[in-house]
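I have placed the structure first, in the form of structure tokens, so that the comments after it can refer back to it.
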Amino acid sequence: MTTTIHTNPGALVAQATLRNITRNLDIVSKQVQTGYKVADAKDDASTFAVAQGLRGNLASLGAVQQGLSSAVGLAEVGLAGATAVSNLFEGIKTKLTQLADTSITAAQRVTYTTDLKDLATQAKDLIKQAKFNGTNLLNNTTAINFIADVTGGSISVTGVDVFTTASTFNASIGASVTSTLARTFLNSSSNTLDDFLAATNNALSGVAGDLRAVEAQNSFTKAISDATERGLGALVDADLAKASSKLQALQAQQQLATQAITIANQAPSVLLALFQ
């Protein structure tokens, strides 16, 4: 090998090796620091563009899930209200049966009537309280639409007007319910109680059906979101265990390359011995 004071081939090779090691070390260090193998467009422009699209989809799916969660909440509150009202019918029918008895005293009739009126009023109050985010499914027949997917599809939860029939039944109860009126309620000669009961049952079945549909859509949306997130991770997430091991190896290589440059730079100094 030619020895010269102008060109040091060994040092040049060592410097090129060090540059390559340093470049790789920077890449692996960035992966360890950020947790991403593709943290920005400089790492891999096409993969980063795809990842950004997936991130946009995830954000949209998150908004859909938020809307569906509101739909679930609305339906659950409406169903809870209808169930609570339905539970009162046992007491209402019991009081009407007692009032249908002609043998009870006037004082007992007033007491039973008061109890009946209290139950009817309680039913109205429960319906009024069945609100979620300002919306009450039990006092209207409106279909409330919620976003169902990222393409703009919608899913609805439809109200059932139980309040009107509850109010009508409540108004039909006077200060003292006669045995005749009580029997009329019980034998369906009057539609007031039957309408109230039918509306409540319609709310139970209708809202429950809407709730099942919304919950199924919400579960499906969550599954899509989870799958998208896993796909995004496969594209851009770094294998930190592998990156950490590689980082240590590159750091050792960097030290060796630095020592190689030092050794290569000592070669020209050998020429000085020729002049001693």
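The values are calculated or read from the model by the stated rules, or taken from the named source; none is laboratory data. Everything quoted here is computed from the prediction, not taken from an experiment. Counting neighbours? That spans all protein chains shown, and the Cβs are built from the backbone with ideal geometry, glycine included.
If you take the residues of region 36-50 that are assigned to a helix (DSSP H, G or I) and hydrophobic (A, V, I, L, M, F, W, C), which of them is farthest from the chain's Cα centre (by Cα)?
ALA45
I want to confirm something. Restricting to region 156-166 and keeping residues that are touching a Phe, Trp or Tyr at 6+ places or on another chain (Cβ under 9 Å) and among the small types (Gly, Ala, Ser), which single residue is nearest to LYS93 (Cα to Cα)?
Step by step, filter region 156-166, then rank; the result is ALA166.
Go through the residues of region 13-29 one by one and say whether even a single one is at positive phi and modelled with pLDDT under 90.
So in region 13-29, the residues at positive phi come out as none.
Looking through region 13-29, none of the residues is at positive phi and modelled with pLDDT under 90.
If ALA80 passes every condition in (1) surrounded by fewer than 16 Cβ atoms within 10 Å (Cβ to Cβ); (2) in contact with a helix residue (DSSP H, G or I) (Cβ under 6 Å, 6 or more places away or on another chain); (3) in a helix (DSSP H, G or I) but one, which one does it miss?
Going through (1) surrounded by fewer than 16 Cβ atoms within 10 Å (Cβ to Cβ); (2) in contact with a helix residue (DSSP H, G or I) (Cβ under 6 Å, 6 or more places away or on another chain); (3) in a helix (DSSP H, G or I) one by one, ALA80 breaks only (2).
Looking only at region 166-204, which residues are β-branched (Val, Ile, Thr) and modelled with pLDDT under 95? Steps first, answer last, please.
Taking region 166-204 first, the residues β-branched (Val, Ile, Thr) are 168, 173, 177-178, 180, 184, 192, 200.
THR168, ILE173, VAL177, THR178, THR180, THR184, THR192, listed by residue number.
In the list LYS222, LYS242, which residue meets the criterion of being charged (D, E, K, R), closer than 30 Å to ALA39 by Cα, part of a helix (DSSP H, G or I) and in contact (Cβ under 8 Å) with a residue 40 or more places away in the chain?
Numbers: LYS242 fails: in contact (Cβ under 8 Å) with a residue 40 or more places away in the chain.
Going through LYS222, LYS242 in turn, just one is charged (D, E, K, R), closer than 30 Å to ALA39 by Cα, part of a helix (DSSP H, G or I) and in contact (Cβ under 8 Å) with a residue 40 or more places away in the chain: LYS222.
Would a scan of region 93-102 turn up a residue that is crowded, with 17+ Cβ neighbours inside 10 Å and outside any helix (DSSP H, G or I)?
yes
Before we move on, is THR258 within 20 Å of the chain's Cα centre (by Cα), in a helix (DSSP H, G or I) and modelled with pLDDT under 95?
Details: within 20 Å of the chain's Cα centre (by Cα): no; in a helix (DSSP H, G or I): yes; modelled with pLDDT under 95: yes.
The answer is no for THR258.
May I ask you to list pairs of residues, at least six apart or on different chains, whose Cβ atoms are under 6 Å apart, with the first in region 36-52 being without any contact (Cβ under 8 Å) to a residue 60 or more places away in the chain and the second being among the aliphatic types (A, V, I, L, M) and surrounded by 13 or more Cβ atoms within 10 Å (Cβ to Cβ)?
ASP44/VAL38
Sort through VAL77, VAL85, VAL72, VAL32 and tell me the only one that's in contact with a strand residue (DSSP E or B) (Cβ under 7 Å, 6 or more places away or on another chain) and touching a residue at least 12 places away in the same chain (Cβ under 8 Å).
Numbers: VAL85 fails: in contact with a strand residue (DSSP E or B) (Cβ under 7 Å, 6 or more places away or on another chain); VAL72 fails: in contact with a strand residue (DSSP E or B) (Cβ under 7 Å, 6 or more places away or on another chain); VAL32 fails: in contact with a strand residue (DSSP E or B) (Cβ under 7 Å, 6 or more places away or on another chain).
Residue meeting the stated conditions: VAL77.
Residue-by-condition table, conditions (1) at pLDDT below 85; (2) assigned to a helix (DSSP H, G or I); (3) closer than 26 Å to ASN170 by Cβ; (4) under 43 Å from the mean Cα position of the chain (by Cα):
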site: GLN31; (1), (2), (3), (4): yes, yes, no, yes
site: GLN52; (1), (2), (3), (4): no, yes, no, yes
site: ALA63; (1), (2), (3), (4): no, yes, no, yes
site: GLY73; (1), (2), (3), (4): no, yes, no, yes
site: THR113; (1), (2), (3), (4): no, yes, yes, no
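Would region 116-135 turn up any residue that is assigned to a loop (DSSP other than H, G, I, E, B) and aliphatic (A, V, I, L, M)?
First pass over region 116-135, keeping only residues assigned to a loop (DSSP other than H, G, I, E, B): 130, 133-134.
Still in the running and aliphatic (A, V, I, L, M): 130.
Yes, region 116-135 contains at least one residue that is assigned to a loop (DSSP other than H, G, I, E, B) and aliphatic (A, V, I, L, M).
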